[in-house]
Amino acid sequence: MINYGAFAQRLAQQADRWSLLDEIHAEWGFQDPGGDPPHTREGGENLAGEVDPGLPVPSALDEWWQRPVNSFLFNPRLYWTHSQWPPAVAGELPEQNPFTAAGDDRRVCGFMSEYHYSNTWGYLAAEAHLPDPRVLVDRGDGWVLQNRSISEFLLHLTLDRLPAAYGWSLTFGPDAAGADVVQRLREQYPELGLPPWQEMGVDAVLHGAPDALVSHGRGAGAAHPVLIRARSRDALTAVAESLGLTWDDKAVTAPSFKPLRPLRLRAATLPAGSADGRGRWHVVSFVDGATDPATVDGAPAPAAVDGASAQGAVDGASAPGAVDGGTAARHQVLHRAPVTAVVLAGQPGGGHTVVSGDADGVLRSWPVDGTPRRTPLDRRPAPVTALAAAELSTGPALFAAWEDGLVRAWDRTTGATADLRLGTGIEAIAVDGSAVMSVRIPAGTATVQLDLDRLWPTRDLQRRLAEIDWAKLWSTLGPAYAVPRLMAQAASDDEETALDAAKQLYKLLVSRSSRLSAAPPAVPFLVDLMLLPDAKAQNLVLMLIADIADTRRGTKKPDEVAAVRAAIPALARFRDDERGNIRWAMAEVERICAEYPY
């Protein structure tokens with residue numbers, strides 16, 4: 001439990017200007033995604049404005065932009081603000097003002113604006129030489145003090161925005177949050193020690209509670225005078241109850257982002273004869289003790305990556321790259337945690353890629369004759385313990401093991417993946433061309449035969465998905481480039497992953513008031529998801545197919561209806577499914593198609 005009632009003391013005692021910001025990120029569940037941020041200070045929606053090149057940029061602002069883990073750079077939408085780089089003159093204070101002395105430069109350098117440009121935040125040009133100057137905000141009726149420094153402003157902004165995405169929330173309007181509630185709030189929960197937050201006509205004071213923050217909004221724009229955000233649902237309801245508030249469960253907003261959590265698997269044993277319940281692998285033999293896997297008959301030897309070999313390969317990041325037609329070494333740091341495994345993997349069509357894993361669970365990759373990918377190949381919440389690559393009958397493949405006991409296998413040609421829950425304690429893995437995998441654990445080495453057809457049942461589906469240019473097709477949120485990724489996730493054998501992906505596909509592909517060009521070509525792939533062995537989201541996917549064709553609001557969607565009608569023969573088996581919800585959903589598919597004559 002974190003008592004935010006003591007936040008004012010933390011604010012006063014922070015070791016440096018960024019330590020508390022880092023702590024808030026960790027406390028509310030933001031995790032380093034790994035890789036390079038997709039957003040840069042130059043890439044914002046910068047407005048054309050007067051930039052005075054003679055003014056320095058305060059070092060605190062420059063430091064924030066260059067911080068290795070900055071949630072704004074990884075996901076600006078968390079903040080609903082526009083950045084401005086370089087800072088531009090956003091206004092000028094009147095001659096009589098509380099911030100400048102006679103003869104001082106009265107201009108304000110804006111560096112961030114509210115999403116609709118209703119408010120702009122900036123620092124005084126007269127204080128641009130200071131490392132961490134005050135921040136003012138333009139409320140529309142003039143500039144007022146927002147924060148005592150840029151670093152405090154960025155901390156305050158994070159406290160206002162990050163819990164909204166990563167926390168549980170309850171909001172209360174003026175009728176529910178009367179004077180008695182406000183009085184209890186002031187008596188029970190101390191202020192955080194920050195100035196009031198000024199935005200969109202609201203003057204909001206933050207109060208701290210156990211595992212929760214409470215915002216008391218004042219002013220004409222305060223449609224919800226009391227807003228509670230908490231790190232857990234229990235903390236949320238405890239604070240609301242203590243303030244004498246009432247609500248129903250529908251008013252509770254769950255987090256938009258959930259932290260990645262490691263699996264809870266037992267230690268791997270892998271006795272001879274053991275097998276996967278889906279027939280994807282079986283253990284041919286197991287050799288007890290610390291035998292060198294190279295001496296195990298039929299077992300490929302896991303490559304050694306311990307010690308300085310892995311560390312020197314990637315921490316020093318001498319990633320070779322093409323320079324003027326030749327190859328030159330260059331220094332580029334790819335990991336923010338110690339490197340734990342490295343492998344050279346084949347690429348579809350030829351060539352090789354270096355893949356490295358680290359103690360934060362991040363995988364990075366780069367072709368030996370090119371530049372590293374900006375985004376991670378993968379990221380899981382446990383250290384990478386082993387990597388392996390092989391050229392199989394299906395093409396190049398990659399295998400990664402994490403400390404929590406998961407081994408993930410990639411078909412590099414199609415991007416299909418398989419998650420094998422072998423258990424914790426995996427020290428090394430290797431795979432040969434006949435799909436025999438050697439797995440070393442503390443008790444010995446297992447020789448495991450993989451069944452490639454069952455390992456990647458979505459290979460054909462993903463190959464066909466890649467043949468469509470989804471970015472040119474339209475979804476409810478614009479270009480449908482996310483459809484292939486979500487289809488792959490909906491095929492996962494992890495139920496939560498599959499359901500979450502199916503829900504996102506539903507949001508993208510269903511509209512009862514407009515036609516979506518991405519919906520008809522998506523239907524055959526949704527049928528494939530229904531027919532997968534051990535599919536985890538069948539009811540939701542079947543309802544998605546039905547609702548793609550639904551036009552109850554009168555919009556004609558002949559292409560959508562035709563696509564769903566064409567799918568009915570393949571789905572006919574679900575008419576007599578033993579599950580009632582599946583039978584009902586199948587009946588809905590046929591009813592909706594029968595209602596529309598076109």
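Given the criteria out of contact with any Asp or Glu (no Cβ under 6 Å at 6 or more places or on another chain) and in contact (Cβ under 8 Å) with a residue 40 or more places away in the chain, does ALA400 qualify? Steps first, please.
Numbers: out of contact with any Asp or Glu (no Cβ under 6 Å at 6 or more places or on another chain): yes; in contact (Cβ under 8 Å) with a residue 40 or more places away in the chain: yes.
For ALA400, the condition - out of contact with any Asp or Glu (no Cβ under 6 Å at 6 or more places or on another chain) and in contact (Cβ under 8 Å) with a residue 40 or more places away in the chain - is met.
Could you check segment 349-463 for strands (runs of 3 or more DSSP E) lying wholly inside it with 1 or more residues that are aliphatic (A, V, I, L, M) and modelled with pLDDT under 95? Before the answer, list the steps.
Details: elements: 352-358, 362-367, 384-392, 395-402, 406-411, 417-421, 428-431, 436-441, 444-450.
The strands (runs of 3 or more DSSP E) meeting that bar are 417-421.
Only one of these conditions is not met by THR158: (1) open to solvent by less than 50 Å² (accessible area, probe 1.4 Å); (2) over 25 Å from TYR79 (Cα atoms). Which number is it?
So THR158 meets the others, but not (2).
When you scan segment 127-148, do you find a residue that is aliphatic (A, V, I, L, M), in a helix (DSSP H, G or I) and open to solvent by less than 30 Å² (accessible area, probe 1.4 Å), even just one? Walk me through how you get there before you give the answer.
Of all residues in segment 127-148, those aliphatic (A, V, I, L, M) come to 128, 130, 135-137, 144-145.
Narrowing the set further to residues that are in a helix (DSSP H, G or I) leaves none.
Within segment 127-148, not a single residue is aliphatic (A, V, I, L, M), in a helix (DSSP H, G or I) and open to solvent by less than 30 Å² (accessible area, probe 1.4 Å).
Criterion first (farther than 29 Å from ARG380 by Cβ, open to solvent by 50 Å² or more (accessible area, probe 1.4 Å) and among the hydrophobic types (A, V, I, L, M, F, W, C)) does VAL89 satisfy it? Working first, answer last.
Details: farther than 29 Å from ARG380 by Cβ: yes; open to solvent by 50 Å² or more (accessible area, probe 1.4 Å): no; among the hydrophobic types (A, V, I, L, M, F, W, C): yes.
No; evaluated as a whole, the condition is false for this residue.
Return the pair list, or none, for Cβ contacts closer than 9 Å from residues in segment 217-237 that are under 22 Å from GLN183 (Cβ atoms) to residues that are open to solvent by 10 Å² or more (accessible area, probe 1.4 Å) and among the basic types (Lys, Arg), at least 6 apart or on different chains.
Sorted first by the residue in segment 217-237, then by its partner, the pairs are PRO225/ARG218; LEU236/ARG229.
Looking at this structure, is ALA6 at pLDDT 90 or above, surrounded by fewer than 18 Cβ atoms within 10 Å (Cβ to Cβ), of a type in the set (A, V, I, L, M) and closer than 29 Å to SER356 by Cβ? Give the derivation first.
Working: at pLDDT 90 or above: yes; surrounded by fewer than 18 Cβ atoms within 10 Å (Cβ to Cβ): yes; of a type in the set (A, V, I, L, M): yes; closer than 29 Å to SER356 by Cβ: no.
Taking the combined requirement at face value, the residue does not satisfy it.
May I ask you to list the residues in segment 24-39 that are assigned to a helix (DSSP H, G or I) and touching a residue at least 12 places away in the same chain (Cβ under 8 Å)? So that I can check it myself, show each step before the final result.
We begin by selecting, within segment 24-39, every residue assigned to a helix (DSSP H, G or I); these are 24-27.
Once the filter is applied, which keeps residues that are assigned to a helix (DSSP H, G or I) and touching a residue at least 12 places away in the same chain (Cβ under 8 Å), segment 24-39 yields ILE24, HIS25, GLU27.
Taking ALA101, is it aliphatic (A, V, I, L, M), open to solvent by 30 Å² or more (accessible area, probe 1.4 Å), farther than 20 Å from LEU21 by Cα and touching a Ser or Thr at 6+ places or on another chain (Cβ under 8 Å)? Lay out the reasoning, then the answer.
Details: aliphatic (A, V, I, L, M): yes; open to solvent by 30 Å² or more (accessible area, probe 1.4 Å): yes; farther than 20 Å from LEU21 by Cα: yes; touching a Ser or Thr at 6+ places or on another chain (Cβ under 8 Å): no.
Here the answer is no, as ALA101 does not meet what is asked.
Looking at segment 360-372 only, could you name the residues that are in contact with a Ser or Thr (Cβ under 8 Å, 6 or more places away or on another chain) and open to solvent by less than 40 Å² (accessible area, probe 1.4 Å)?
The initial filter retains those residues of segment 360-372 that are in contact with a Ser or Thr (Cβ under 8 Å, 6 or more places away or on another chain), namely 363-369, 372.
Answer for segment 360-372, where residues must be in contact with a Ser or Thr (Cβ under 8 Å, 6 or more places away or on another chain) and open to solvent by less than 40 Å² (accessible area, probe 1.4 Å): LEU363, ARG364, SER365, TRP366, PRO367, PRO372.
Show me the strands (runs of 3 or more DSSP E) found entirely inside segment 168-246 where at least 3 residues are closer than 30 Å to TRP121 by Cα and open to solvent by 20 Å² or more (accessible area, probe 1.4 Å).
Details: elements: 168-172, 197-199, 202-209, 212-218, 226-230.
Because the criterion is at least 3 residues that are closer than 30 Å to TRP121 by Cα and open to solvent by 20 Å² or more (accessible area, probe 1.4 Å), the strands (runs of 3 or more DSSP E) in segment 168-246 that meet it are 202-209.
Can you pull out the residues in segment 332-385 that are under 24 Å from the mean Cα position of the chain (by Cα) and among the acidic types (Asp, Glu)?
Passing the criteria: ASP358, ASP360, ASP378.
It is to be established whether one or more residues within segment 483-491 are under 23 Å from the mean Cα position of the chain (by Cα), more than 14 Å from ALA522 (Cα to Cα) and part of a helix (DSSP H, G or I).
Yes, the conditions are met somewhere in segment 483-491.
Which of the residues spanning segment 113-126 are open to solvent by less than 40 Å² (accessible area, probe 1.4 Å) and at pLDDT below 95? First the steps, then the outcome.
Kept after step one, since they are open to solvent by less than 40 Å² (accessible area, probe 1.4 Å), are these residues of segment 113-126: 113-114, 119-126.
Correct list: SER113, GLU114, ASN119, THR120.
Of (1) surrounded by 13 or more Cβ atoms within 10 Å (Cβ to Cβ); (2) within 21 Å of GLY444 (Cα to Cα); (3) modelled with pLDDT of 80 or more, ALA251 satisfies all except one. Which?
(2)
When you scan segment 418-430, how many residues do you find that are buried (at least 20 other Cβ atoms within 10 Å of the Cβ) and not small (Gly, Ala, Ser)?
The number of residues fulfilling the criteria is 5.
Which of the residues spanning segment 7-23 are of a type in the set (Lys, Arg) and not in a helix (DSSP H, G or I)? Give the steps one after another, and end with the answer.
If we filter segment 7-23 for residues that are of a type in the set (Lys, Arg), which is where we start, we get 10, 17.
Selection gives ARG17 alone.
Check segment 59-69 and report whether any residue there is open to solvent by 10 Å² or more (accessible area, probe 1.4 Å) and aliphatic (A, V, I, L, M).
Yes; the residues of segment 59-69 include at least one that is open to solvent by 10 Å² or more (accessible area, probe 1.4 Å) and aliphatic (A, V, I, L, M).
Yes or no: segment 407-424 includes at least one residue that is β-branched (Val, Ile, Thr) and over 25 Å from GLN489 (Cα atoms).
There is no residue in segment 407-424 that is β-branched (Val, Ile, Thr) and over 25 Å from GLN489 (Cα atoms).
Enumerate the pairs (first residue in segment 61-88 and in a helix (DSSP H, G or I); second residue anywhere and among the charged types (D, E, K, R)) with beta-carbon separation below 6 Å, excluding pairs fewer than 6 apart on the same chain, so at least 6 apart or on different chains.
Close Cβ pairs (under 6 Å, with a partner that is among the charged types (D, E, K, R)) amount to TRP65/ARG41; LEU78/ARG161.
Is it the case that some residue within segment 494-513 is modelled with pLDDT of 90 or more, surrounded by 21 or more Cβ atoms within 10 Å (Cβ to Cβ) and not in a helix (DSSP H, G or I)?
Scanning segment 494-513 turns up no residue that is modelled with pLDDT of 90 or more, surrounded by 21 or more Cβ atoms within 10 Å (Cβ to Cβ) and not in a helix (DSSP H, G or I).
Just one of (1) at pLDDT 95 or above; (2) under 28 Å from LYS258 (Cβ atoms); (3) of a type in the set (Asp, Glu) trips up GLU199, so point out which.
For GLU199, the exception is condition (1).
Would segment 34-57 turn up any residue that is at pLDDT 95 or above, acidic (Asp, Glu) and open to solvent by 40 Å² or more (accessible area, probe 1.4 Å)?
no
The values are calculated or read from the model by the stated rules, or taken from the named source; none is laboratory data. On a predicted model such as this, the values are computed, not experimentally measured, just so you know. Every residue, glycine as well, gets a Cβ built from its backbone with ideal geometry; the counts of neighbours run over all protein chains shown. Heavy atoms of the whole protein, side chains included, go into the accessibility calculation; ligands, DNA and RNA do not. Shrake-Rupley method; radii C 1.70, N 1.55, O 1.52, S 1.80 Å.
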